[in-house]
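Have a look at the structure below before the remarks.
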Amino acid sequence: MEKIFNKPSHRMKSIGFRLNDEELNSLQKTCYEQQLSISELVRRAVNEYASKGSSLSS
């Protein structure tokens, strides 16, 4: 599975032909959950930074 993701992005479309719908949905769900956890980490980091009295420049 790891080797698939090491290939150039223009070849990523071929993944759909190697995975059935269930596997593809599972993969998309995993990516979505990881995206959510990353945004949660960012939110916590920003809140922690702001709580230290530093002002974030916009």
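The values are calculated or read from the model by the stated rules, or taken from the named source; none is laboratory data. In this text the structure is predicted, and so the values were computed from the model without any measurement. No Cβ is skipped: glycine too gets one built from the backbone with ideal geometry, and neighbour counts run over all protein chains shown.
Data overview
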quantity: Residue match in segment 23-30 (condition: aliphatic (A, V, I, L, M) and at pLDDT 80 or above); calculated: yes
quantity: Qualifying residue in segment 43-50 (condition: assigned to a helix (DSSP H, G or I), hydroxyl-bearing (Ser, Thr, Tyr), modelled with pLDDT of 85 or more and surrounded by 10 or more Cβ atoms within 10 Å (Cβ to Cβ)); calculated: yes
quantity: Unique match (being part of a loop (DSSP other than H, G, I, E, B) and either more than 17 Å from the chain's Cα centre (by Cα) or at pLDDT 60 or above (or both)) among 14, 58; calculated: 58
